[in-house]
Amino acid sequence: NHPDLKGKVVMYRNFMDGGGQNAMDDHGHGTHVAGTIAGGNASGRSIGVAPQSKLYIGRIIGRSGAATEAN
């Protein structure tokens with residue numbers, strides 16, 4: 001839901017917490033990484049290295065910031 005990522009997430013899959021297809025990031029790491037890659041300039045300043053890119057996201061990090069090999 002970050003304004004600098006609006007329209008950039010093409011596909012999202014949640015491999016944590018039983019799945020779900022609605023993009024969310026309750027830890028903040030994924031939003032930070034996505035912004036570094038594809039962030040736009042909604043804040044008045046470009047934040048991504050490839051702002052024209054589209055994102056295919058797989059959530060594997062949970063609320064605590066940890067992931068498992070299975071995920």
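Taking segment 1-28 on its own, how many of its residues are at pLDDT below 90, over 10 Å from R59 (Cβ atoms) and open to solvent by 60 Å² or more (accessible area, probe 1.4 Å)?
5
Hey, among the residues in segment 40-71 that are open to solvent by less than 100 Å² (accessible area, probe 1.4 Å) and not in a loop (DSSP other than H, G, I, E, B), which one's farthest from H27 (Cα to Cα)?
L55
Could you please let me know if G30 is of a type outside the set (S, T, N, Q), in contact with a strand residue (DSSP E or B) (Cβ under 6 Å, 6 or more places away or on another chain) and not in a loop (DSSP other than H, G, I, E, B)? Break it down into steps so the answer makes sense when it comes.
Details: of a type outside the set (S, T, N, Q): yes; in contact with a strand residue (DSSP E or B) (Cβ under 6 Å, 6 or more places away or on another chain): no; not in a loop (DSSP other than H, G, I, E, B): yes.
No: the conditions fail for G30.
Do we have any residue at all in segment 51-62 that's without any contact (Cβ under 8 Å) to a residue 24 or more places away in the chain and among the small types (G, A, S)?
So far as segment 51-62 goes, no, none of its residues is without any contact (Cβ under 8 Å) to a residue 24 or more places away in the chain and among the small types (G, A, S).
So G35 clears everything in (1) under 9 Å from D4 (Cβ atoms); (2) not in a helix (DSSP H, G or I) except one condition, right? Which one?
(2)
The values are calculated or read from the model by the stated rules, or taken from the named source; none is laboratory data. A quick note: this is a predicted structure, and the numbers were derived from the prediction, not measured. Ideal geometry is used to build each Cβ from the backbone, glycine not excepted, and the neighbour counts take in all protein chains shown. These area figures cover heavy atoms from the full protein model, side chains too; ligands, DNA and RNA do not enter into them. Shrake-Rupley method; radii C 1.70, N 1.55, O 1.52, S 1.80 Å.
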